[in-house]
Every structure is written in C-alpha cells, then in structure tokens.
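Data block below; observations after.
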2 protein chains.
Amino acid sequence: MKARVTVTLRKGILDPQGKAIEGALKTQGLTGIESVRQGKVFDIELSETLVGTAETLLEEACRKLLANQVVEDFRIEILTEY
Amino acid sequence: MKARVTVTLRKGILDPQGKAIEGALKTQGLTGIESVRQGKVFDIELSETLVGTAETLLEEACRKLLANQVVEDFRIEILTEY
C-alpha cells in the first residue's frame with residue numbers, strides 16, 4: 001500500500017523559509033507571487049493491506065516523528081499509485 | 001489565486017533523508033513501513049487571476065528556484081482553497 005503524508009505549518013505560524021523563497025522569486029523577476037509557505041511531503045510504502053490499520057500506523061508515525069504538532073498539521077492520503 | 005507545488009525526487013534517485021526517516025521510524029517501534037521518500041510542498045498565493053498565466057508563472061518559479069530539475073520532478077495544482 002502507498003500513502004502520502006503532507007505536513008504543513010499551521011496558519012498564523014511565521015514561515016521564514018517561505019519568506020526567503022518569496023524574496024528570491026522576486027529577485028528572479030517573478031512578480032505576482034504574493035506569499036509562499038513551505039511544507040514537507042512523505043511518500044510512504046507500507047506492507048500493511050488494511051486501510052484502517054495503515055492510517056493508524058501513519059498517524060502514529062506523524063505524532064512520533066514526521067510532524068511537530070506544536071506548529072504543524074498533517075494530512076494522510078492513502079493512494080493506489082503516485 | 002492559490003496553488004500547491006509538490007516537488008519530489010525522481011524515481012531511482014537515492015533519498016538519504018528518506019532512509020534516515022525509515023530507520024528512525026523502525027527505532028520508534030513502527031513496523032510495516034517499507035520505504036519513505038521525502039519531498040517539498042509549496043503553498044503559493046498569486047495575485048494572478050487567469051489560470052493559464054498562473055501556471056506559466058509557477059512553472060517558471062519551479063524551473064528557476066523551487067525544483068532542481070536534474071533530480072526532482074514538480075507538480076502544479078491550482079486550488080480554490082487549501
């Protein structure tokens with residue numbers, strides 16, 4: 001089974017990385033970009049075949065390692081192919 | 001207009017970050033995770049209102065800064081809300 005976990009900063013949390021990218025894009029002459037916020041995406045392969053069990057496992061992986069729950073949200077998508 | 005750009009390593013390209021995360025998850029007692037590959041996601045707000053123009057701008061942003069095209073692929077999604 002394949003899944004994608006997307007981890008993004010919560011709304012309202014300052015994103016210095018995103019601000020730096022905004023500035024760099026402007027320097028490159030790209031106008032029209034108002035804001036950029038950067039996050040992480042994890043493409044995960046699991047030996048698990050039951051969707052429910054896989055989701056529980058991935059939630060645990062997010063809570064334990066992939067997401068800093070003080071400032072980040074995570075979203076789990078079970079995929080067939082990516 | 002809001003868009004999401006997802007940048008991932010090309011298939012076949014070694015992902016040491018992903019390997020490190022795999023190991024860390026196993027250490028945390030999470031079994032059943034076969035592989036992890038990490039990528040980046042950019043949530044971007046544009047002042048542009050035409051989808052075609054926005055996509056062209058975002059492609060240019062990817063080619064110039066957001067993606068290293070030697071080893072990474074990028075995907076552009078125009079969103080209404082995220």
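Filter the stretch B:48-77 down to residues that are surrounded by fewer than 15 Cβ atoms within 10 Å (Cβ to Cβ) and in a strand (DSSP E or B), then give me how many there are. Matching residues across the stretch B:48-77 total 2. Taken as a whole, the structure places A:Gly39 among residues that are within 10 Å of another protein chain (Cβ to nearest Cβ) and either more than 30 Å from B:Thr53 (Cβ to Cβ) or not aliphatic (A, V, I, L, M) (or both).
Screening B:Glu34, B:Glu45 for residues that are at the interface with another protein chain (Cβ under 9 Å from one of its Cβ atoms), surrounded by fewer than 20 Cβ atoms within 10 Å (Cβ to Cβ) and in contact with a helix residue (DSSP H, G or I) (Cβ under 9 Å, 6 or more places away or on another chain) leaves exactly one candidate, B:Glu34. On the basis of being exposed (fewer than 15 other Cβ atoms within 10 Å of the Cβ) and within 18 Å of the chain's Cα centre (by Cα), does A:Gly18 make the cut? Against the criterion (exposed (fewer than 15 other Cβ atoms within 10 Å of the Cβ) and within 18 Å of the chain's Cα centre (by Cα)), A:Gly18 does not qualify.
Take A:Leu58 and decide whether it is without any contact (Cβ under 8 Å) to a residue 24 or more places away in the chain and within 16 Å of A:Lys2 (Cβ to Cβ). In short, no.
Quick note: the coordinates plus some simple rules give every number you see, no bench work behind them. Just so we're clear, the structure is a prediction, and the values are computed from it rather than from any experiment. Cβ: placed from backbone, ideal geometry, glycine included. Neighbour counts: every protein chain shown.
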